[in-house]
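**Q** So that we are looking at the same thing, I have put the structure below in structure tokens.
The values are calculated or read from the model by the stated rules, or taken from the named source; none is laboratory data. On a predicted model such as this, the values are computed, not experimentally measured, just so you know. Cβ: placed from backbone, ideal geometry, glycine included. Neighbour counts: every protein chain shown.
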Amino acid sequence: MEKRRIDYFIDDLNDNFSNNYQIVESIFENEYGYPELDPLRDEICRCIICGLNQAAITLTNHLLESALKKCLIYKFTIDSGPHKDSPIDQIFNSGIEKFDNSKSDLSKSINSACSMGLITKHQKKLLHIFREKFRNAYSHASSKDTFNDILVTGREVTSVEEIFKPSNKEFKVTDVPFIHGIIQYELAKLQSFPYLEAVDEIVRHMIKMLRKKDSNC
């Protein structure tokens, strides 16, 4: 019986599961303790374990933006004073209105997180790089941001005879749309875990700063 595509997928999972799990083990096993963020962290790790690297990157984009907004809301609420007498569904209203609205784009959230002491200046610079390299590239499907100036060597064929000539012509990946899917797939395999690792470190730093501030109130 001829193998189906799902059979090849299962074989690939079996071959790579152990190694992929070891790569994400530390992040996968260590929760944030924030149920508004942990399901995202957990699912990103599962994607990497299963080799779904493009999905992992797009979810890491979501984790980054969600974590920034949530931490900004919490920091603003903590800084604005005690809320012991406020109903739970009203405590965060001002913060939500300020940091989770249609004008709260990623760039503003990053800058606000730095000015409010949630992230360092170095982390701010890094996050702006991520904003272009990963959020714009993968979530906004920007081929310019995805492939930048990556070159590939290929063959420009205008006759049958040229099929057998050596490949020596360089192309910008951005100029050849029909190879974008394959190149992005290969790039994502290299980028998904380093990106998650860097974002995870920043998320944990923000949580640490929140808890430090909260304990001083």
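**Q** Is it the case, given these coordinates, that residue 6 is in contact (Cβ under 8 Å) with a residue 24 or more places away in the chain, in a helix (DSSP H, G or I) and aliphatic (A, V, I, L, M)?
**A** Spelling it out, it is not the case that residue 6 is in contact (Cβ under 8 Å) with a residue 24 or more places away in the chain, in a helix (DSSP H, G or I) and aliphatic (A, V, I, L, M).
**Q** Right, next: If a residue counts only when it is touching an Asp or Glu at 6+ places or on another chain (Cβ under 7 Å) and modelled with pLDDT of 80 or more, which helices (runs of 4 or more DSSP H) contained entirely in region 113-217 have at least 2 such residues?
**A** none
**Q** Let me ask something else about it. Take the conditions touching a Ser or Thr at 6+ places or on another chain (Cβ under 9 Å) and buried (at least 18 other Cβ atoms within 10 Å of the Cβ) and apply them to residue 98. Does it pass?
**A** Taking the combined requirement at face value, the residue does not satisfy it.
**Q** Scan region 186-213 residue by residue and report those that are more than 19 Å from residue 69 (Cα to Cα), crowded, with 18+ Cβ neighbours inside 10 Å and of a type in the set (A, V, I, L, M).
**A** Passing the criteria: 187, 188.
**Q** Give the residue that is surrounded by the fewest Cβ atoms within 10 Å (Cβ to Cβ), with candidates limited to residues of region 71-88 that are β-branched (Val, Ile, Thr) and part of a helix (DSSP H, G or I).
**A** 78
**Q** Right, something else. Yes or no: residue 32 hydroxyl-bearing (Ser, Thr, Tyr), in a helix (DSSP H, G or I) and surrounded by 13 or more Cβ atoms within 10 Å (Cβ to Cβ)?
**A** Against the criterion (hydroxyl-bearing (Ser, Thr, Tyr), in a helix (DSSP H, G or I) and surrounded by 13 or more Cβ atoms within 10 Å (Cβ to Cβ)), residue 32 does not qualify.
**Q** When region 52-85 is examined, which residues are found to be among the small types (Gly, Ala, Ser) and within 15 Å of the chain's Cα centre (by Cα)?
**A** 55, 56, 66, 67, listed by residue number.
Results for (1) within 27 Å of residue 140 (Cα to Cα); (2) assigned to a helix (DSSP H, G or I); (3) at pLDDT 95 or above, shown as yes or no for each residue.
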residue	(1), (2), (3)
1	no, no, no
18	no, yes, no
45	yes, yes, yes
69	yes, yes, yes
90	no, no, no
104	yes, no, no
